[in-house]
Amino acid sequence: MKNLKNIIIYSLIISLFSCEILDVEPPYDKVLAENAISDKRGLEAAINGVYDGMQSGAIVLDYLVISDLAADNLEAVGSKIDYITINNNDPFSTNIYVEAVWNAHYDVINRANNILDNLGSVEGVSEAEANRAEAEMRTIRAICYFNLVRMYGGVPLRETAVSGATEEEIFIGRASESDTYLFIQSDLETAETLLEEAGRGNSVTIDEPTVKALLARLHLYQENWAEAEAFAKSVINDFGYELVEDYASIFDESNSSNEIIFQVDFLNDDDVNTIARWLLAAGRYEAAATEDIFNLYDNQDIRATVSVGNAGGDFFCNKYTGLQNDVDNLIVSRLSEMYLIAAEAINEQAYDANSEAFDFINDVRDRAGLDELTNLEATNQASLREAIALERRKELAFEGHRWHDLVRTNQAQTVLDIDNPNKLLFPIPQSEIDTNKHPDMIQNEDY
């Protein structure tokens, strides 16, 4: 056990001081945290290292696949037992993908924390540059914690980088789920203030609309309907995005789509995203699209073939096609989600047969080539709620939303036939339970 503890401490230190984070020469494990970022060049290198950490396969592939594999959009068809148990909603605490997702997100959190810890002492950086750096790091940290809390429930909240090897730094307990959400909200609200009136940048860097889009999503999950509506409408109206006519172009990594708010980019980088290898019928085909999601699309729906392919009855996710070059981007947020958040938030506040909720869902349906949804079809709050949920599933398929949508709307057990409500959370990785000796680092029930 002592050796195991030493291994995790060593790996955390190496993660903190890797060449992807710090602008220093090896040996990286000899660099003190307080000297790691001393000037503007070092800060820029460290920020690049955080974005690079977001390119981890556990984030751009595993987390995305898990979110549909645990639901009803994907099914395990290969030999991977770890995929099969996720598909069956009963993964082991030793599941390699469950562990990889945990470790990758905490690696990025640690990188972001290292910058936040040192930002006040960096030389040659203006106040505006420091504010932007803080906003970017808080936002990425919030993205990571939001992914973690949706998957595991309350998690350890590391607010500073792990720069030493003391038990106080290494061993911290789990926060409650509500406190984790409050921490995420605080980070995003601080970032929003720091980026106020900064406007829109590009889709591969955190900017003002990125933060507002994430706040819209966060408030949706918290059922703060008025706030979700307001933030979604701000993104829709204030920053020049549009629902592009060519739906397929959104997922073309060489295209700069005016619909994408924020994405993790692989086009001009040494890193790769191998998601197409695992999901395409022409690749390893470890997870297939379900026949259910294939049949969900109407014949005239332009999203159908873009989303789900059919190779002689073998259905597959068709949104990620970079089989030869592994450059599929991870879309974190895009405009159509904001339309659907606005529609849902408006309807949840009160049903109105002439409300804007119909306008927002019909903008998405119109782009898909579908007829408008009318108040003769969605005649009450429940039926409009169902229509919006269906549109979310079709529009955002294979983009990491389905499982979380089912859980947050209390439909997962019924739709997926899950008897045990404790299986709505994933297990804390056994490696974390074994090494983190804080008394509040406890496993989720029934794992």
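The values are calculated or read from the model by the stated rules, or taken from the named source; none is laboratory data. As the structure is a prediction and not an experimental result, all values here were calculated from the model. Please note: Cβ atoms are built from the backbone with ideal geometry, for glycine as well, and neighbour counts cover all protein chains shown. The area values use the complete protein model at the heavy-atom level, side chains included, leaving out ligands, DNA and RNA. Shrake-Rupley method; radii C 1.70, N 1.55, O 1.52, S 1.80 Å.
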State whether the residues of segment 437-446 include one that is farther than 20 Å from F358 by Cα and in contact with a Phe, Trp or Tyr (Cβ under 6 Å, 6 or more places away or on another chain). yes
Among A232, A228, A281, the single one that is within 24 Å of D62 (Cα to Cα) and among the hydrophobic types (A, V, I, L, M, F, W, C) is A281
Taking first residues from segment 61-87 that are of a type in the set (K, R) and second residues anywhere that are assigned to a helix (DSSP H, G or I) and surrounded by 24 or more Cβ atoms within 10 Å (Cβ to Cβ), the pairs with Cβ under 7 Å that are 6 or more apart or on different chains are none
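Condition check ((1) of a type in the set (G, A, S); (2) closer than 13 Å to Q324 by Cα; (3) open to solvent by less than 70 Å² (accessible area, probe 1.4 Å); (4) not in a strand (DSSP E or B)) across all residues:
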{"site": "D271", "(1), (2), (3), (4)": "no, no, yes, yes"}
{"site": "W278", "(1), (2), (3), (4)": "no, yes, yes, yes"}
{"site": "A281", "(1), (2), (3), (4)": "yes, no, yes, yes"}
{"site": "R284", "(1), (2), (3), (4)": "no, yes, no, yes"}
{"site": "I293", "(1), (2), (3), (4)": "no, no, yes, yes"}
{"site": "N299", "(1), (2), (3), (4)": "no, no, no, yes"}
{"site": "A304", "(1), (2), (3), (4)": "yes, no, yes, yes"}
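So if I check each of S249, S257, which one is within 23 Å of L370 (Cα to Cα), open to solvent by less than 30 Å² (accessible area, probe 1.4 Å), part of a loop (DSSP other than H, G, I, E, B) and among the small types (G, A, S)? Talk me through it step by step, then tell me what you get.
Values: S249 fails: part of a loop (DSSP other than H, G, I, E, B).
Step by step, each of S249, S257 is checked, and only S257 is within 23 Å of L370 (Cα to Cα), open to solvent by less than 30 Å² (accessible area, probe 1.4 Å), part of a loop (DSSP other than H, G, I, E, B) and among the small types (G, A, S).
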Being open to solvent by less than 30 Å² (accessible area, probe 1.4 Å) and either at negative phi or of a type in the set (F, W, Y) (or both) narrows L194, L182, L214 down to just L214
Please go through segment 306-329 and pick out each residue that is part of a helix (DSSP H, G or I) and under 18 Å from W278 (Cβ atoms). S307
Selected residue (only one of V125, V50 is in contact (Cβ under 8 Å) with a residue 40 or more places away in the chain and open to solvent by less than 10 Å² (accessible area, probe 1.4 Å)): V50
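Among what's in segment 369-391 and is surrounded by 21 or more Cβ atoms within 10 Å (Cβ to Cβ) and hydrophobic (A, V, I, L, M, F, W, C), pick the residue that is nearest to D328 (Cα to Cα).
I388
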Checking the structure you have, find out if any residue of segment 69-78 is modelled with pLDDT of 50 or more, assigned to a helix (DSSP H, G or I) and buried (at least 22 other Cβ atoms within 10 Å of the Cβ). yes
Among the residues of segment 392-403, what is the count of those that are under 17 Å from M151 (Cβ atoms) and open to solvent by 10 Å² or more (accessible area, probe 1.4 Å)? 3
Please identify the pairs in which a residue from segment 239-250 that is on the phi < 0 side of the Ramachandran plot has its Cβ atom under 7 Å from the Cβ atom of a residue that is among the acidic types (D, E), counting only partners at least 6 apart or on another chain. Y241/E259; E242/E259; L243/E259; L243/D363; V244/E259; I250/E259
Tally of residues being open to solvent by 60 Å² or more (accessible area, probe 1.4 Å) and in contact with a Pro (Cβ under 6 Å, 6 or more places away or on another chain) across segment 404-447: 1
Can you list the helices (runs of 4 or more DSSP H) found entirely within segment 335-447 that contain at least 2 residues being more than 20 Å from L218 (Cβ to Cβ) and in contact (Cβ under 8 Å) with a residue 60 or more places away in the chain? 356-367, 381-395, 412-416, 430-435
